[in-house]
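The values are calculated or read from the model by the stated rules, or taken from the named source; none is laboratory data. Given the structure is predicted, the values throughout are model-derived calculations rather than measurements. Don't worry about glycine lacking a Cβ; one is built from the backbone with ideal geometry, like all the others, and counts go over all protein chains shown. Just so you know, the surface numbers come from the protein's heavy atoms only, side chains and all, with ligands and any DNA or RNA stripped out. Shrake-Rupley method; radii C 1.70, N 1.55, O 1.52, S 1.80 Å.
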Amino acid sequence: MMPKRLVIVRHGFSEGNKAKKLIAAGADPKTILTPEFLNRHSSKFRLTDEGRRQAIVTGRWIRKNISRKFDRYFVSEYLRALETAALLNFRGAEWRKDFNLRERDYGLMDLLSPEQKERCYLEEMEIYRKEKFLMPIPGGGESMANVCLRVRSVFDTLHRESSDEEVCMVVHGEFMWACRVLLERIAMEEYHELDGSKKPFDRIHNCQVLEYTRINPFTGQETDCYRWMRSVCPSNLKLSRNEWVEIKRRKYSNNELLAEVNSNPRYIS
């Protein structure tokens with residue numbers, strides 16, 4: 001079985017996050033993406049001052065509302081995750097680094113501006129947009145499906161070694177989406193809807209906390225799989241639902257399957 005409780009935390013607001021935000025707001029990419037900034041892999045991004053504040057607030061919230069300590073602590077080897085983990089400030093924590101917890105690989109597009117991405121990978125981007133879950137990111141990046149396979153290997157280890165424990169992991173946004181897909185059995189169609197949603201409750205914000213449990217939070221009854229989850233953004237509670245939700249793994253009738261199939265045209269009979 002999976003751990004009794006699994007708490008997954010996204011890293012705080014990083015240099016990379018701020019650069020993207022500034023460029024999206026209209027800043028000249030040349031003033032943001034300086035040679036010094038670009039002369040490193042995104043794994044070396046640090047937290048901004050805002051990101052450090054988020055991590056401190058999030059650690060305080062977890063200790064108050066979930067637990068003051070966990071049986072095992074895991075963290076991505078990327079600097080922004082390491083910095084976040086330390087600033088959560090779990091007393092006596094012994095963090096295990098795991099490269100499998102890294103962010104989705106963006107390949108050669110890792111540090112390109114939006115204009116450069118369109119210029120260098122115009123045709124590939126058109127193909128990628130047709131099926132963003134299955135297709136790899138242009139430039140040799142990972143598909144979300146491949147991230148899910150990597151996450152599954154992490155879950156296999158937790159299933160084998162930590163079934164009676166409470167575990168905390170500090171990771172990345174795309175990694176957390178893969179966790180949601182696997183733990184909540186989210187279908188590709190639903191993933192696309194959530195990925196394209198502008199609603200704050202559908203996003204995974206910096207220092208967002210996903211908590212999964214095999215113990216019913218209302219009755220205390222233990223089950224053999226995750227039946228309950230909640231999503232909380234401690235640094236800004238207005239961005240998250242903050243409520244326990246029962247995980248319902250959907251099943252489909254024959255008619256529902258055919259309805260989905262028939263909603264798409266057939267060109268060769």
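Which one is surrounded by the most Cβ atoms within 10 Å (Cβ to Cβ) among residues in the stretch 214-239 that are under 17 Å from LEU88 (Cβ atoms) and among the hydrophobic types (A, V, I, L, M, F, W, C)? Ranking the qualifying residues of the stretch 214-239, first place goes to CYS233.
Would you confirm whether or not the stretch 75-83 contains a residue that is of a type in the set (Ser, Thr, Tyr) and open to solvent by 10 Å² or more (accessible area, probe 1.4 Å)? I'd like the intermediate steps shown before the answer.
If we filter the stretch 75-83 for residues that are of a type in the set (Ser, Thr, Tyr), which is where we start, we get 76, 78.
Subsequent filtering for residues that are open to solvent by 10 Å² or more (accessible area, probe 1.4 Å) retains 78.
Scanning the stretch 75-83, I find at least one residue that is of a type in the set (Ser, Thr, Tyr) and open to solvent by 10 Å² or more (accessible area, probe 1.4 Å), so the answer is yes.
Contact list please: Cβ distance under 8 Å, first residue in the stretch 221-242 and part of a strand (DSSP E or B), second residue at pLDDT 95 or above and hydroxyl-bearing (Ser, Thr, Tyr), pairs at least six apart or on different chains. Final answer for the pair search is TRP228/TYR212; TRP228/THR213; MET229/TYR212; MET229/THR213; SER231/SER240; VAL232/SER240. Does ARG250 satisfy the criteria of being farther than 16 Å from ARG180 by Cα and open to solvent by 100 Å² or more (accessible area, probe 1.4 Å)? Spelling it out, it is not the case that ARG250 is farther than 16 Å from ARG180 by Cα and open to solvent by 100 Å² or more (accessible area, probe 1.4 Å). Can we say GLU103 is touching a residue at least 60 places away in the same chain (Cβ under 8 Å) and either open to solvent by 70 Å² or more (accessible area, probe 1.4 Å) or polar (S, T, N, Q) (or both)? Criteria not met by GLU103.
For the stretch 83-161, list the helices (runs of 4 or more DSSP H) that sit wholly inside it and hold at least 2 residues that are modelled with pLDDT of 90 or more; which are they?
Correct list: 144-161.
Summed over the stretch 162-186, residues that are assigned to a loop (DSSP other than H, G, I, E, B) and more than 21 Å from GLU246 (Cβ to Cβ) total 5. In this structure, ARG203 qualifies as surrounded by fewer than 19 Cβ atoms within 10 Å (Cβ to Cβ), modelled with pLDDT of 95 or more, closer than 24 Å to SER143 by Cβ and of a type outside the set (Phe, Trp, Tyr).
Beta carbons closer than 8 Å, at least 6 apart along the sequence or on distinct chains, pair a first residue in the stretch 172-199 that is at negative phi and touching a residue at least 12 places away in the same chain (Cβ under 8 Å) with a second that is open to solvent by 30 Å² or more (accessible area, probe 1.4 Å) and in a loop (DSSP other than H, G, I, E, B) for HIS172/TYR78; HIS172/ARG102; PHE175/ARG102; GLU184/ARG249; ALA187/ARG250; MET188/LEU134; HIS192/LYS132; ASP195/LYS132.
For the residues ILE56, ILE62, the requirement of being open to solvent by 60 Å² or more (accessible area, probe 1.4 Å) and more than 24 Å from LYS132 (Cα to Cα) singles out ILE56.
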